[in-house]
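Following: one structure in structure tokens, then a few remarks.
No lab work stands behind these numbers, since they all come straight from the coordinates. What you are looking at is a predicted structure, and each value in this text was computed from that prediction instead of being measured. Every residue, glycine as well, gets a Cβ built from its backbone with ideal geometry; the counts of neighbours run over all protein chains shown.
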Amino acid sequence: MSELAHSPLVEIENVEQRFGGSSGFLSPSQPLVKALNSVSLTINKGDSFCLVGESGCGKSTLARAVIGLNPPTAGHIKYQGNRIDNLSTRERQPYTRKMQMVFQNPYASLNPRMTVAQTLQEPLQIHFPTMSRAEIEAKVEEVMLSVGNDPSWLERYPHEFSGGQRQRISIARALMLDPEFIVADEPISALDVSIQAQVLNVMMEAQESRNLTYLFITHDLSVVEHFGNRVAVMYLGTVCELADTKNLFATPRHPYTQALLSAVPKMDGSGVNHVKMSGEVPTAMDLPSGCVFHTRCPYANDRCKREIPKLKDNGDTQTACFAVEEGRL
Amino acid sequence: MNKMAVFLGSDFVYRFKKDKVALVSFSLVVTLILAALLAPVIAPHNPYDLTTIDIMDSELAPIWTDGDTDERFLLGTDPQGRDLLSTILYGMRISLVIGIFAVMLQAFLGVTIGLLSGYIGGRVDAFFMRLADIQLSLSTLMVAIITLAVFQAAFGAELYSELAIFMLVLVIGIAEWPQYARTVRASVLAEKHKEYVDAARVIGMAPKRIMLRHILPNTLSPILVISTIQVANAIISEAALSFLGLGMPVNKPSLGSLISSGFEFIFSGSWWITVIPSIVLIMLILSINLLGDWLRDVLNPKLYKD
């Protein structure tokens, strides 16, 4: 897929996200959390773009910024070349039709007081007020069938379904408006392993039949290998490596990526040589100077403590690392 | 039909049938409300029809006592010669109407303000919640007494007695909105960070629709619980105001004004004029409150007792 001529669909340019930090009248000042630090990514049409990283590294924050739930503090987000991060709900309407989201927790993402039919009809009623009842019902049934759901579920409430079924209903809701781009925020991490594959397959089939582009967030590297064609690895609010999936798994360059990949259990028992890292992830309230990874990096030197590395092409992958740049690694 | 069957088979109905307190208080509330609704049919006299009232009948004792009795008047008569039973039935009607409409007004104001301040947050939230703090620091009765007394002084007792019901609904309704606003706001704060609200925003839904269609239905159970208790509170407030002479006028007595009108005669031996309406009022309030307590226990599983 990556061999096709790419046309960028979503461009994320120097996006920063800050939370807290302000102190108002009579309210104590809150610590400033730097959740995203100058993140730049381009997602091409047809990509299954995976975002990996450990908990708290800003994956979901980036997803929410892209979809417009938390507009970024700084930087631009463009959709097909048009800036969308500063639009009002109304101005955004044409883009909301094309960009949808699937959430992590299938138990919280469906309104418990609405039947499946009500949940699925709502997007159509809002975006196509002229559609007749019969047309809406036909569309709902078609989408339900396409994700492998039984249309007889429509009159039931979410609590009557299992996690996997609910997640397929969530996917159906995201597909109702025939979007081009879907942000999936850990859509399978709350599911049983046997159901994970099923939901992944539904998503891959939908991609094939509807020409979807995914931004897929996960911390399961085997899912990335199976599902994604491009991967970005995040650490503490910064992208440290960006590559095609094949290259990343074959030749990880960034020390963090190497450590991450070495932690994947392997069937043949060869995975005992973990790259051991010392210490803990620093807090986003007090970022380390220079490269955010230098406190735990076995290859860090003085330059890493002073300067912030930028993503640079190094042939196979793009890395933000001085050690790779200088050939020390 | 099917929905009815589902409802009758539900846990809610099962727990209701098991709970004796709930059963008794529910049947008492229903009996009293029916009696009030059907007052024109079941009351032996019409206390509003002046031609049927005879001053010579005043202060007759209930028929089971030794004093002056008359078999036409089961519970005796009040100082104006009205049949006490009929007056209580009609009075309960007025008390219930004021209670229910005042609570509807409270709920409307409180739910609207609670939804807005919970969902929008920031300055809107701070403004309304400080307003609620101010409102709560003034007791309902104090606000009501001042407003009603000023109204009565400014426009005269004549106009006041015509508008008394509206004024009472308005004053009690406005004075107690913070109860609702705070409860609703707390539930909205809990609901608005759930993913289904995010999903609604991603779909491009307007905030108004998200609040009304997604968040409000999920905050209904606490609203239901405080509504029952607030109806009882509103009836008490009305009775207290009527007792103080700021409520319903003498010719259209509510339970409170009936209690108050008998109070002057209590030392001359005519105890029934005060005591019997008081017992009715206490039964009404107590059963509504017990029902509300039961509802709160059932709808909030975290409070399950033993």
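Overview of results
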| quantity | calculated |
| --- | --- |
| Cα-derived Rg over Rh, computed across chain A with Rh taken as Kirkwood radius | 0.99 |
| Antiparallel DSSP beta bridges within chain A, percent to nearest 5 | 60 percent |
| Rg/Rg_ref, the range B:144-240, where Rg_ref = 2.2 N^0.38 Å and atoms are Cα | 1.53 |
| Aspartates and glutamates with Cα under 20 Å of residue B:208, excluding same-chain neighbours fewer than 8 positions away | A:91, A:122, B:125, B:191, B:195, B:198 |
| Principal axis dimensions, the range A:137-193 - Cα atoms, whole angstrom, descending | 31, 30, 15 |
| Sequence-separation-based contact order of the range B:82-301, relative, with Cα cut under 8 Å and 6+ spacing, percent | 28 percent |
| Candidate lysines for bridging to residue B:18, where Cα separation is under 25 Å - those fewer than 8 sequence places away on the same chain excluded | B:3, B:302, B:305 |
| Chain A, relative contact order in percent, only Cα pairs under 8 angstrom and at least six apart counted | 19 percent |
| Exercise: per-residue mean of other protein chain Cβ atoms within 10 Å, A:92-99 | 2 |
| Distance violations [Cα-Cα > 22 Å] among A:246/A:312; A:59/B:194; A:45/B:192; A:34/A:59; A:276/A:310; A:45/A:266 | A:45/B:192; A:276/A:310; A:45/A:266 |
| Residue among B:133, B:66, B:19 with the largest mean-square fluctuation in a Gaussian network model of chain B, springs linking Cα atoms under 10 Å | B:66 |
| The range B:226-274-the range A:152-226 distance, computed between alpha-carbon centres (Å) | 63 Å |
| Value of [θ]222 nm, deg cm²/dmol, for chain A, DSSP H segments ≥ 4, -39500 (n - 2.57) each, nearest 500 | -9000 deg cm²/dmol |
| Under 11 Å from the residue A:118 label point (7 Å along Cα→beta-carbon), backbone N, the range B:172-214 | B:213-214 |
| Rg/Rh for the range B:82-301, where both radii come from Cα atoms and Rh is the Kirkwood radius | 1.07 |
| Test item: B:187-196 mean partner chain Cβ contacts at 10 Å | 4 |
| Among beta bridges that DSSP assigns inside the protein assembly as shown, antiparallel share in %, nearest 5 | 60 percent |
| Chain B: angle of helix B:272-299 to the longest principal axis, Cα-based, in degrees nearest 10 | 20 degrees |
| Loop trypsin sites (Lys or Arg not before Pro), the range A:210-274 (other Cβ atoms within 10 Å of the site Cβ: 15 or fewer; DSSP) | A:266 |
| Potential extension, residue B:11-residue B:193 segment - 0.36 nm per residue separation minus Cα distance | 62.6 nm |
| The range B:101-122 and the range B:168-182: distance between their alpha carbon centers, rounded to Å | 10 Å |
| In degrees, nearest ten, helix A:133-146 long axis to first principal axis of chain A (Cα) | 50 degrees |
| Average beta-carbon neighbours from other chains, 10 Å sphere, peptide B:226-238 | 0 |
| Fluctuation leader among A:229, A:301, A:105 - chain A, Gaussian network, Cα springs under 10 angstrom | A:301 |
| Two-decimal Rg/Rh across the protein assembly as shown, once Rg and the Kirkwood Rh are taken from alpha-carbon atoms | 1.14 |
| Rounded tilt (10° steps) of A:193-210 against the dominant C-alpha axis of chain A | 70 degrees |
| Histogram of C-alpha separations across the range A:26-178, 5 Å bin width, % | 1, 8, 15, 17, 17, 15, 13, 8, 4, 1, 1, 0 |
| Debye intensity ratio I(q)/I(0), log10, the range A:59-147, q values 0.16, 0.19, 0.20, 0.26 Å⁻¹ (C-alpha model) | -0.83, -1.06, -1.11, -1.31 |
| Choice from B:254, B:27, B:137 showing the highest fluctuation, given a GNM over chain B with Cα pairs closer than 10 Å | B:137 |
